[in-house]
Amino acid sequence: MTPGAALDPSRLRRLQVAGVLCGLTAGAWLGAAEAPTKMVSLGIPPVVISLAMVLGVFVARWRLPALLRGTAAIGWDVRQAPHLVVWAVLAGCLWAVANTLTIFAIRDVGLSIAFPLWNSNSLLGIVWGCVFFNELRHAAWSRWLGVLGGAALMFGGGGLLAVASATQAPAGHPLRGAVAALTAGALWGTMYIPYRKAYLTGMNPLSFVTFFTVGELGMMAGLAIGDRGGVSAPVAELLRARAVLFWLLVGGFVWVVGDLFQQYAAKYVGISRGIPLSNTNQLWGLLWGIFVFGELRGAGGARYAQVVGGSVLMALGAGAIALASATDREHRRWRDAASRESARYGVDPAYVDSALAGNDTGARGRGRTWLDLAIALAATAAFAGFAAVARVPEMGLVWSWVAGLALAMLAPLVGAGWVLWRATRFN
């Protein structure tokens, strides 16, 4: 692709279809990833739960990129745009704090209520996309109407859920839970700035998330040590919870799968559209919360109407935003933003343009090494070791719904993965 050249319209449509499917798939997997955090009801401290999930995230984030792309290709990306390592670590730090807050929110207001509140990050995604990355610039009025109208629907749905939380908080602290969820949303909304910056500059999502993990683990370890008053306390609590740690590690793995698709959505349809799409995780969270964990059991019809109606409104808003696809005029402004990033950090314009178009940037021929195999084997061994000592937590789960929702998640995974591979080869 010639540097600065416009994308062929058919190519642009293929990338946007791939981005939309990735966003919807991200919603399914990110929604399921929060289910293990319900173990806070077993008395495990929220910070310890978050630390265990981050350990699972760390293992999975190195395993998947090593298998799908190889460490040699990741090294190639870093050499092209080394400054993005710092942004990736910063994004990981923001994620760790936000994820910890979500566990406090789940403890205080429940999974089906907390989800849509922290998904207010969609609103920030729209703002930051417009302000920093030229998203929606030169977009038709219908696109603006779709995005702003969708945002209004999401705000209305969030208001219904906030009212519902006032009487459905499990621990009797609805205000504290709502504040924790909204703060998590603000941090996650800001976290998407490094995401978009990375993909406009050309870094592959599989490379970005590898260093993202370093920030996650470092920040989470610091939070756990600070919260528990030293290293020994969180280590002892992890050992006491070792019988259920496997499920938290699995939650981290599931989150990584969802986040990878979210990263590709942010790359190909932008954060102002990709983040609302991935925030369909609220509907999956609603399903897990109500049908698997029995949240809202015994609530009146009016309360169910508020929760379901609020979630549906927010999902309709996300859909309206997603359907307001970027036209070629707007995409040219994205390329302007990419050129600005390229010039600012001295990145090869051909590398940036190839990545923006979903093409090979020169890393594909580097292949796998013995290090990639070693990483995959070590990660598998770690999960197998925890699985060997795991037990099923006594939480009154409805296992038929667990199986049904797990199977339902596979369809978008396979479909979006195939479309993404055909369109971009995971570039």
Tell me, what is a quarter of the convex hull surface for the C-alpha atoms of the range 48-158, in nm² with one decimal?
9.7 nm²
Along the range 81-87, Karplus-curve 3J(HN,Hα) (6.51, -1.76, 1.60; θ = phi - 60°) to the nearest Hz, with x for Gly and Pro, reads 9, x, 5, 6, 4, 5, 5
Contour excess over end-to-end distance, with Cα ends at residue 391 and residue 243 and 0.36 nm allotted per residue:
52.7 nm
Please compute, for the alpha-carbon atoms of the range 312-427, the extent along each of the three principal axes and give them in descending order in Å.
55, 49, 27
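Would you calculate a helix-derived [θ] at 222 nm for the chain, using -39,500 (n - 2.57) for each DSSP H run of n ≥ 4 and dividing by the full residue count, to the nearest 500? Walk me through the numbers on the way to the answer.
Working: 18 runs with 328 residues, N = 427.
Helices in the chain give a 222 nm mean residue ellipticity of -26000 deg cm²/dmol.
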Which ³J(HN,Hα) values, rounded to whole Hz and listed in residue order, are derived for the range 257-265 from phi using the Karplus coefficients 6.51, -1.76 and 1.60 in 6.51 cos²θ - 1.76 cosθ + 1.60 with θ = phi - 60°, glycine and proline given as x?
4, x, 5, 4, 5, 5, 4, 5, 5
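Would you work out if the range 1-104 is rounded, prolate or oblate? Take a ≥ b ≥ c from the square roots of the eigenvalues of the alpha-carbon gyration tensor; rounded if a/c is under 1.5, else prolate when a/b is larger than b/c, oblate otherwise. Working shown, then result.
Working: a/c = 2.55, a/b = 1.71, b/c = 1.49.
Prolate is the answer for the range 1-104, as a/c is 1.5 or above and a/b outweighs b/c.
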Can you give me the accessible area per residue for the chain, using a 1.4 Å probe, in Å²?
37 Å²
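Quick one: pull the percentage of alpha-carbon pairs in the range 225-314 with a separation above 23 Å. Mind dumping the intermediate values first?
Details: 2082 of 4005 pairs.
Roughly 52 percent, once rounded to a whole number.
Can you give the FRET efficiency to the nearest 0.05 for residue 148 and residue 410, using r as the Cβ-Cβ distance and R₀ = 45 Å? Don't skip to the end; give the middle numbers.
Working: r = 35 Å, r/R0 = 0.77.
After rounding to 0.05, the efficiency reads 0.80.
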Where Rh is the Kirkwood radius over Cα pairs, Rg/Rh for the chain
0.96
If r is the Cβ-Cβ distance from residue 312 to residue 400 and R0 is 30 Å, what FRET efficiency results, to the nearest 0.05?
0.80
Report in % the part of the accessible area of the chain that belongs to carbon and sulfur, leaving out ligands and nucleic acids; probe 1.4 Å.
70 percent
Candidate cut points under trypsin sites (Lys or Arg not before Pro) in the range 387-427, DSSP loop plus at most 13 other Cβ atoms within 10 Å of their own Cβ, are 391, 425
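How would the range 13-70 be classified by its alpha-carbon gyration tensor: rounded, prolate or oblate, with rounded meaning a/c under 1.5 and the a/b versus b/c comparison settling the rest? Mind showing how you got there, number by number?
Working: a/c = 4.65, a/b = 1.68, b/c = 2.78.
Because a/c hits 1.5 or more and a/b fails to exceed b/c, the range 13-70 counts as oblate.
The values are calculated or read from the model by the stated rules, or taken from the named source; none is laboratory data. Computed from a predicted model, the values in this text were never measured in an experiment. FYI the Cβ positions are ideal-geometry reconstructions off the backbone, even for glycines, and counts take in every protein chain you see. These area figures cover heavy atoms from the full protein model, side chains too; ligands, DNA and RNA do not enter into them. Shrake-Rupley method; radii C 1.70, N 1.55, O 1.52, S 1.80 Å.
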